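The values are calculated or read from the model by the stated rules, or taken from the named source; none is laboratory data. If you're wondering where the values come from, they're calculated on a predicted model, not measured in any experiment. Ideal geometry is used to build each Cβ from the backbone, glycine not excepted, and the neighbour counts take in all protein chains shown.
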Amino acid sequence: MSELERKPGAAAVPADWTYAPAPEARDIVTLRERYGLYVGGEWLAPHTGETFTTIDPSTEEPLAEIAQAGPEDVNNAIEAARDAYQNGWSTLAPSERAKYLFRIARILQERSREFAVLESLNGGKPIRESRDVDLPLSAAHFFYYAGWADKLEYAFPNRAPRPVGVAGQIIPWNFPLLMLAWKVAPALAAGNTVVLKPAETTPLSALLFCDVLRQAELPPGVVNILTGDGRTGAELVKHPGIDKIAFTGSTDVGKAIQRELAGTRKRLTLELGGKAANVVFDDAPLDQAIEGIVNGIYFNQGHVCCAGSRLLVQESIYEQLIAKLKRRLTTLRVGAPLDKNTDVGAINSRQQLDKIEELVQTGRDEGAEIYQPPCRLPERGYWFAPTVFTNVAQSYRIAQEEIFGPVLSVLTFRTPDEAVEKANNTPYGLSAGVWTEKGSRILAVAQRLRAGVVWANTYNRFDPASPFGGYKESGFGREGGRHGLEPYLEFD
Ligand code: NDP
């Protein structure tokens with residue numbers, strides 16, 4: 001509240017309802033000028049001698065110099081992981097492994113403010129989301145899998161579960177720490193060791209995580225972190241010393257990895273893209289559905305593999321719903337990621353912004369109608385206003401391809417059959433949402449949707465106990481829950 005008007009004898013009435021800035025303090029994070037590779041519990045300079053700069057995408061300000069790991073570094077990290085696997089970690093009493101995981105979880109909780117600020121600084125996501133979603137969920141994953149570490153025999157009775165060996169893990173930039181937690185926690189709980197490559201644009205939280213590993217006194221080599229670009233990922237995939245690859249990212253790279261591993265004994269799980277349908281029936285609680293639609297596509301600037309990027313609305317409520325949705329969009333606050341009032345932060349990189357802009361242009365060219373609420377975008381950094389496309393045909397690229405940005409494509413349907421047919425008309429199959437008052441309709445529709453996760457009267461809800469993963473071009477294998485342990489275990 002910036003100003004108060006007071007008439008003589010009257011109570012104070014605000015004249016201006018704009019929010020004052022509420023920035024989270026950045027100085028809780030101490031950045032080094034340059035980071036090495038974390039191998040065998042030590043910080044090492046890369047053999048390539050190469051580094052690259054990581055930036056704050058909301059200002060383009062350089063944050064730190066990051067090491068580019070090459071083939072020799074990949075080899076050394078895998079050797080360190082193998083050594084740790086053979087000389088202690090895989091044979092450690094499971095209850096002892098659990099203690100390390102519990103310790104990591106508790107340290108993440110204790111240092112959550114620091115991690116949340118860093119995640120927003122390096123990734124562009126609103127602090128409200130890193131603070132309330134990324135960090136609590138990351139800690140929860142470690143807590144959850146710590147609980148399984150000494151109960152594998154009960155999770156898989158009569159199957160003699162054993163660790164797989166050394167896991168190579170490659171993660172994307174949309175949830176840097178959370179994706180690390182999704183991968184590292186089940187791998188360690190099952191007795192494996194890890195070499196993980198964070199995404200090129202968002203390496204900082206994985207590097208701060210190395211500090212947590214030291215604090216937890218995790219034995220050296222159990223987790224190794226290699227920074228670098230796609231070349232580092234490719235080296236990790238093809239290295240013969242890896243027993244399992246877990247990848248989250250684009251469908252194109254996922255397919256390339258699958259081709260590379262075909263015919264080898266290496267195991268693979270792929271969590272790839274999506275083009276989820278959020279289906280709203282005419283008996284849905286509309287205001288609640290509006291919140292779910294907004295959360296479905298504008299959460300994390302739409303950089304979410306399971307984002308509800310295709311809205312399917314029953315024709316009879318179309319006009320009313322679109323009017324409400326547009327009104328709601330005018331209240332979204334786009335701006336500084338570290339401001340606690342921000343709803344939509346910065347786009348993660350120039351490359352991603354270019355991709356969003358290109359796809360949005362195809363939407364205009366193909367004949368869809370665009371709506372963007374009035375909002376002033378900062379001059380520096382990478383920004384894109386929340387966008388809704390109406391009059392979208394199923395054949396348009398904006399209805400088919402993953403935009404991975406704050407862009408919603410709206411289509412309509414008349415009957416449940418038509419809704420299911422349109423929802424399934426995509427090469428992907430990661431997630432979907434159903435909004436209706438009828439429980440029987442939720443069950444009937446959810447059963448027919450080809451999606452790994454179906455949310456009913458909610459969207460983008462995650463829980464470490466719940467498996468997550470896709471069908472078709474969204475990949476295979478599950479992360480989370482008991483299912484998330486299986487890819488890291490051998491059975492009789
Ligand atoms: P990528 O699939 O390229 O990146 C994911 C991870 O894989 C990164 O760590 C990346 O490194 C690494 N990588 C890149 N090339 C290879 C390779 N040949 N072998 C092994 N690892 C590799 O995604 P992008 O960042 O390029 O994003 C492109 C598009 O992918 C987005 O626009 C979005 O549509 C989709 N995407 C989907 C995600 C999901 O969760 N489903 C997550 C991220 C992106 P580096 O960061 O250096 O490129």
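Listed here are the residues, each with its yes/no results for (1) touching a helix residue (DSSP H, G or I) at 6+ places or on another chain (Cβ under 9 Å); (2) in contact (Cβ under 8 Å) with a residue 40 or more places away in the chain.
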| site | (1), (2) |
| --- | --- |
| 302 | yes, yes |
| 307 | yes, yes |
| 312 | yes, yes |
| 315 | no, yes |
| 318 | no, yes |
| 324 | yes, no |
| 328 | yes, no |
| 343 | yes, yes |
| 355 | no, yes |
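Just one of 208, 204 is touching a residue at least 24 places away in the same chain (Cβ under 8 Å) and out of contact with any strand residue (DSSP E or B) (no Cβ under 7 Å at 6 or more places or on another chain); which is it?
Details: 204 fails: out of contact with any strand residue (DSSP E or B) (no Cβ under 7 Å at 6 or more places or on another chain).
Answer to the selection: 208.
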Breaking point among (1) small (Gly, Ala, Ser); (2) over 19 Å from the mean Cα position of the chain (by Cα); (3) surrounded by 22 or more Cβ atoms within 10 Å (Cβ to Cβ), for residue 165:
(3)
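Out of 453, 420, I need the residue that is out of contact with any strand residue (DSSP E or B) (no Cβ under 6 Å at 6 or more places or on another chain), aliphatic (A, V, I, L, M) and touching a residue at least 12 places away in the same chain (Cβ under 8 Å). Which one?
Working: 453 fails: out of contact with any strand residue (DSSP E or B) (no Cβ under 6 Å at 6 or more places or on another chain).
Every option except 420 fails the conditions.
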Tell me the helices (runs of 4 or more DSSP H) entirely within the range 373-492 that contain at least 3 residues that are surrounded by 20 or more Cβ atoms within 10 Å (Cβ to Cβ).
416-424
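Within the range 212-231, is even one residue within 8 Å of the ligand (Cβ to nearest atom), crowded, with 22+ Cβ neighbours inside 10 Å and in contact (Cβ under 8 Å) with a residue 24 or more places away in the chain?
The initial filter retains those residues of the range 212-231 that are within 8 Å of the ligand (Cβ to nearest atom), namely 228-231.
Okay, now just the ones that are also crowded, with 22+ Cβ neighbours inside 10 Å, so 228.
Next, from what is left, pick out any that are in contact (Cβ under 8 Å) with a residue 24 or more places away in the chain: 228.
Yes, the range 212-231 has at least one match.
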Near pairs, Cβ below 6 angstrom, 6+ apart or cross-chain, from the range 35-46 (under 18 Å from residue 85 (Cβ atoms)) to any residue that is small (Gly, Ala, Ser) and not in a loop (DSSP other than H, G, I, E, B)
39/77; 39/80; 40/80
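Out of curiosity, is residue 251 surrounded by 18 or more Cβ atoms within 10 Å (Cβ to Cβ) and either at pLDDT below 95 or over 30 Å from residue 64 (Cα atoms) (or both)? I'd like the intermediate steps shown before the answer.
Values: surrounded by 18 or more Cβ atoms within 10 Å (Cβ to Cβ): yes; either at pLDDT below 95 or over 30 Å from residue 64 (Cα atoms) (or both): yes.
Yes: the conditions hold for residue 251.
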Any residue in the range 62-81 that's in a strand (DSSP E or B): show its pairings with residues that are small (Gly, Ala, Ser) and surrounded by 17 or more Cβ atoms within 10 Å (Cβ to Cβ) at Cβ separation under 8 Å, as long as the two are six or more apart or on different chains.
67/36; 67/228
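Being within 16 Å of residue 413 (Cβ to Cβ) and among the charged types (D, E, K, R) is the filter; apply it to the range 304-342 and report the residue that is surrounded by the fewest Cβ atoms within 10 Å (Cβ to Cβ). Give the derivation first.
First, pick out the residues of the range 304-342 that are within 16 Å of residue 413 (Cβ to Cβ): 308, 310-322.
Going one step further and asking which of them are among the charged types (D, E, K, R), we end up with 310, 315, 319.
Working: 310: 27, 315: 12, 319: 10.
Per the stated criteria, the residue is 319.
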Which one is nearest to residue 405 (Cα to Cα), of the residues in the range 269-293 that are in contact with a helix residue (DSSP H, G or I) (Cβ under 6 Å, 6 or more places away or on another chain) and free of Cβ contacts under 8 Å to residues at least 40 places away in the same chain?
290
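Would it be correct to say that residue 320 is within 16 Å of the ligand (Cβ to nearest atom) and not in a strand (DSSP E or B)? Don't jump to the end; show me each part of the working.
Values: within 16 Å of the ligand (Cβ to nearest atom): no; not in a strand (DSSP E or B): yes.
In short, no.
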Result of the Cβ filter at 9 Å on the range 250-268, keeping first residues that are more than 11 Å from the ligand (Cβ to nearest atom) and partners that are in a loop (DSSP other than H, G, I, E, B) and at pLDDT 95 or above, at least 6 apart or interchain, is 264/240; 265/243; 266/240; 266/242; 266/243; 267/164; 267/243
Being surrounded by fewer than 18 Cβ atoms within 10 Å (Cβ to Cβ) and not charged (D, E, K, R): is that true of residue 116 here?
no
When both residues are 6+ apart or on different chains and their Cβ atoms are under 6 Å apart, which pairs have a first residue that lies in the range 131-147 and is in a helix (DSSP H, G or I), and a second that is of a type in the set (Asp, Glu) and at pLDDT 95 or above?
134/119
By residue number, the members of the range 105-130 that are part of a helix (DSSP H, G or I), within 19 Å of residue 203 (Cβ to Cβ) and not hydroxyl-bearing (Ser, Thr, Tyr) are 108, 114, 115, 116, 117, 118, 119, 121, 122, 123
Among the residues of the range 193-205, how many are within 26 Å of residue 117 (Cβ to Cβ), outside any helix (DSSP H, G or I) and away from the ligand (no atom under 12 Å from the Cβ)?
1
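Answer yes if at least one residue in the range 174-192 is hydrophobic (A, V, I, L, M, F, W, C), under 20 Å from residue 71 (Cα atoms), away from the ligand (no atom under 12 Å from the Cβ) and not in a loop (DSSP other than H, G, I, E, B), and no otherwise. Walk me through it before giving the result.
The first filter runs over the range 174-192 and keeps only residues hydrophobic (A, V, I, L, M, F, W, C), leaving 175, 177-182, 184-185, 187-190.
Those left that are additionally under 20 Å from residue 71 (Cα atoms): none.
Checked the range 174-192: no residue is hydrophobic (A, V, I, L, M, F, W, C), under 20 Å from residue 71 (Cα atoms), away from the ligand (no atom under 12 Å from the Cβ) and not in a loop (DSSP other than H, G, I, E, B).
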Could you give me the residue pairs with C-beta distances under 6 Å whose first residue belongs to the range 180-201 and is on the phi > 0 side of the Ramachandran plot, whose second residue is away from the ligand (no atom under 16 Å from the Cβ) and in a strand (DSSP E or B) wherever it lies, and which are 6+ apart or on separate chains?
191/163
